[in-house]
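This report concerns only the one structure given below.
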Amino acid sequence: MTTIEQLMTPLTIRSMEIANRVVMPPMGTALGNNDGTVSEANLAYMKRRARSGAGLYITEIVEVHPLGAASPRCMGVWDDRFVPGLSKLADVVHARGGKIAMQLHHAGRESFYQLSKGTAVAPSAIPSYIFGFAGTPREMTPEEIRETIASFGRAALRAKAAGFDAVELHGAHGYLLMQFLSAHSNQRTDEYGGDFRDRARFMIECIREVRSQVGDDFPVSLRISGEECIRGGYGIEDMQTIIPDLVKAGADMIHTSFGTHGNAQMHIDTPNPSAPVEYEQGFKVRLARKIKEVTDVPVIAVGRFTDPYYMNEVIANGDADLVAVGRQHLADPDFLNNARGGHPEDTFECLACNQGCIERLIFEQQPVRCAINPATGQELTYPEGPAENSRMVWVVGGGPAGLTAAYEAARLGHSVTLFEKEKETGGQILFAARAPYKEVYGKWISTLTAKCRKKGVDIRTSTKVTGEMIDNNRPEVVILASGAEKAACPVEGITSSVVCDAWQILGGEVKPKDHVLVIGGGLVGMETADFLCDKGVQDVTLVEMLANPPVPALTSHGTMLHRRLSAAGARLLFNTSVVRIGEDSVIISTDGKEQKIEPIEQVIVAVGVTPRDDLKKLLDLKGIHHYVVGDANEPRRIIEATSQGAKAAWDIS
């Protein structure tokens with residue numbers, strides 16, 4: 001389908017008419033002030049998102065009670081002092097013609113912040129699967145339950161007073177409302193415990209209280225996890241039984257997400273609701289369809305949506321009434337406008353890598369960013385341009401850092417030439433895109449290269465920059481993004497005929513054989529092993545010197561890699577080094593004990609890379625202002641490469 005006609009139809013929910021069926025769902029940013037008030041960064045972030053043209057924007061979590069705050073930087077609404085800032089947030093969206101709902105939230109036991117203070121509360125005193133190391137929550141008393149229900153109502157009333165068009169209760173992803181619903185976290189013996197229907201009492205009473213406070217004409221949405229997605233969790237058929245009760249209590253719209261806070265041992269589906277690239281867009285549409293079977297109120301579908309044309313199919317087929325588009329709003333907020341304008345090829349499709357969004361928030365405790373959109377989370381410092389002085393800028397290297405630097409410099413009005421020594425741009429991504437499920441990485445490079453050209457960047461491939469070229473042209477600024485060299489692997493027998501490297505395998509220069517050993521358990525090694533298994537290689541052994549996996553199973557991509565390699569029967573040997581490579585065997589050492597692995601037909605080296613910055617000394621000598629970015633600075637992830645590339649371009653004066 002090549003139309004978005006159905007996607008762009010308006011929809012009325014009580015007093016609120018939204019212009020189209022696209023919803024930006026709640027996404028945590030950690031951009032708020034430390035006192036829970038709305039920050040200038042919050043406003044700038046939402047202002048940029050509101051330019052997407054979506055019909056409805058739902059805020060990130062807004063806390064209804066101080067004991068429910070997931071972190072100090074989460075916005076609050078438990079007191080009147082929060083209303084002025086929240087009003088500004090609503091105004092930002094209204095100024096762009098959109099509608100905005102406030103998501104009302106209580107973390108319950110799923111807050112490291114509350115657990116570490118000893119203030120976390122929950123239906124029962126049962127530790128969180130993910131934050132259990134931080135402590136056990138206290139079981140809520142009946143009085144606390146009644147107070148919390150009332151706090152949802154008071155919060156909804158403040159949202160209405162602040163000018164919001166609707167509210168949404170967060171009853172998904174393992175937070176307090178869902179904790180009452182789940183047998184994993186609710187083992188109460190009073191009226192708020194029991195079977196599934198009885199455990200829904202708290203959620204129903206919260207909705208009922210919100211409705212009583214905001215009146216009959218104010219829209220109330222409920223976000224649910226249609227299925228729990230952990231061992232022994234509830235399923236969509238269970239949820240179908242209580243939807244009529246939730247609607248009767250006052251829910252006007254059901255936002256059908258999935259999943260909960262779990263761990264690698266408990267999850268039976270995606271590692272978290274922010275599904276990695278292995279999952280197709282719309283993969284949870286069936287949950288929305290199931291909810292629509294039992295209610296007439298509008299239903300929002302969730303599930304890694306990126307393509308407006310596919311979203312249109314979902315609406316046209318009657319699978320859902322609206323579509324939630326989350327991380328795509330971070331990667332490229334112009335996705336909908338590009339489709340409406342007939343230029344979908346200009347959109348940067350979300351990689352679903354989670355590097356800058358959910359995993360940065362959870363594991364790094366840092367504000368939101370995006371691996372492929374350096375402006376996200378940095379809206380206050382992002383230069384709109386043009387630059388005061390246009391400079392002659394050379395970018396050396398056409399990988400993620402170089403291309404990003406070139407695009408940003410050209411966008412700001414500089415005269416940019418990019419040199420790439422290989423025959424095409426992309427750098428390490430050209431190889432990464434060959435790994436299973438990562439084709440979208442190659443698409444990103446193609447899109448970024450095309451957009452560089454549209455901005456006027458002169459891209460010269462198969463060209464190595466020399467000192468003579470610099471002398472003859474005298475660029476005012478050089479951004480050195482020349483990437484990295486393959487690291488040496490000083491192992492006896494490394495020159496054997498059975499040895500090749502990961503890049504030769506991924507690039508197709510060398511074909512895989514049947515009995516393979518991969519040296520190096522970092523991302524390149526793991527993805528190479530995954531590539532081999534995907535190509536049908538039955539005997540794959542990976543060895544890594546470190547005791548723990550460099551690619552942890554905690555991350556979304558790490559979880560999926562470990563799952564696939566385990567299912568394929570690959571052997572992952574950590575705390576292990578290669579002693580000697582022979583023509584048909586390899587001697588390895590684990591904990592000081594040597595063993596022979598045979599037969600081995602192929603040894604693939606994937607021990608990483610070292611920076612390639614050979615031009616830096618020359619640029620220093622000639623006094624040319626320059627920046628070193630990406631792998632040329634230090635081999636790391638895409639997000640660091642693009643951030644450094646953009647920052648270099650922004651700093652040109």
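The values are calculated or read from the model by the stated rules, or taken from the named source; none is laboratory data. What you see is a predicted model; the values in this text were computed from it and never measured. All Cβ positions, glycine included, derive from the backbone under ideal geometry; neighbour counts span all protein chains shown. We work out accessible area using only protein heavy atoms, side chains counted, and drop any ligands, DNA or RNA first. Shrake-Rupley method; radii C 1.70, N 1.55, O 1.52, S 1.80 Å.
Quick notes on this one:
- Nearest-0.05 FRET efficiency for Arg460 and Val440, computed from C-beta distance (R0 30 Å): 0.70
- Other-chain or far-sequence residues with amide H under 5 Å of Leu169's (modelled H): Leu104, Ser221, Leu222, Arg223
- With every protein chain in place, region 347-468: carbon and sulfur % of accessible area (1.4 Å): 47
- Gain on full stretching of the segment that runs from Ser496 to Glu594 - 0.36 nm per residue minus C-alpha separation: 33.3 nm
- Rounded to whole numbers, the Karplus 3J(HN,Hα) couplings from phi for region 90-105 are 5, 4, 4, 6, 4, 4, 9, x, x, 10, 9, 10, 9, 8, 8, 9 Hz, using 6.51 cos²θ - 1.76 cosθ + 1.60 with θ = phi - 60°, and x at Gly and Pro.
- Once the Cα-Cα distance is subtracted from the 0.36 nm per residue extended length, the Asp514 to Ile268 segment shows a gain of 85.5 nm.
- Close amide H pairs (under 5 Å, H built 1.01 Å from N) link Met75 with Glu63, residues at least 5 positions away or on another chain.
- Using R0 = 22 Å, the C-beta based FRET efficiency linking Ala150 and Gln187 works out to 0.35.
- The modelled label-to-label distance between Arg81 and Asp217, using points 7 Å beyond Cα along the C-beta direction, is 3.4 nm.
- Only DSSP H runs of four or more residues enter the estimate; each adds -39500 (n - 2.57), and after division by the residues of the chain the mean residue ellipticity at 222 nm equals -9500 deg cm²/dmol.
- FRET efficiency, Glu40 to Gln365 (Cβ-Cβ, R0 25 Å, nearest 0.05): 0.75
- A cut-off of 5 Å between modelled amide H atoms, ignoring neighbours fewer than 5 places along the same chain, links Asp539 with Val516.
- Alpha-carbon radius of gyration plus Dmax, which is the widest Cα pair, for region 321-399 in Å: 15.5, 51
- Per residue, the Cα convex hull of region 472-576 amounts to 169 Å³.
- Surface share of carbon and sulfur [accessible, 1.4 angstrom probe, percent] for region 88-160: 55
- Computed from the alpha carbon positions, the gyration tensor of region 555-631 leads to an equivalent ellipsoid with semi-axes of 39, 20, 11 Å, biggest first.
- Surface exposure of region 428-512, expressed per residue as accessible area with a 1.4 Å probe, stands at 51 Å².
- Counting 0.36 nm for each residue step from Glu424 to Asp195 and taking away their Cα separation leaves a gain of 76.4 nm.
- Heavy-atom accessible surface of region 231-334: percent carbon and sulfur, 1.4 Å: 43
- Nearest-ten-degree value, helix 236-249 long axis tilted from longest Cα axis of the chain: 40
- Ranked by how many other beta carbons lie within 10 Å on average, peptides 7-14, 478-485, 64-71 from highest: 478-485, 64-71, 7-14
- Estimated inter-spin distance, Thr610 and Tyr309, nm [label 7 Å along Cα→Cβ]: 4.8
- Relative to its residue count, region 397-470 spans a Cα convex hull of 77 Å³ per residue.
- The loop-placed GluC sites (Glu not before Pro) in region 111-167, going by DSSP, include none that has at most 16 neighbouring Cβ atoms within 10 Å of its Cβ.
- Note on Tyr279: accessible area approximately 40 square angstrom, rounded to 10, probe 1.4 Å, nucleic acids and ligands left out.
- Calculated Rg and Dmax of the chain using C-alpha coordinates, Å: 26.5, 83
- Relative pair counts by distance (%), Cα atoms of region 137-246, 5 Å bins: 2, 12, 23, 23, 18, 13, 6, 2, 0
- Point-to-point label distance, Leu573-Glu485, nm (Cα→Cβ direction, 7 Å offset): 3.0
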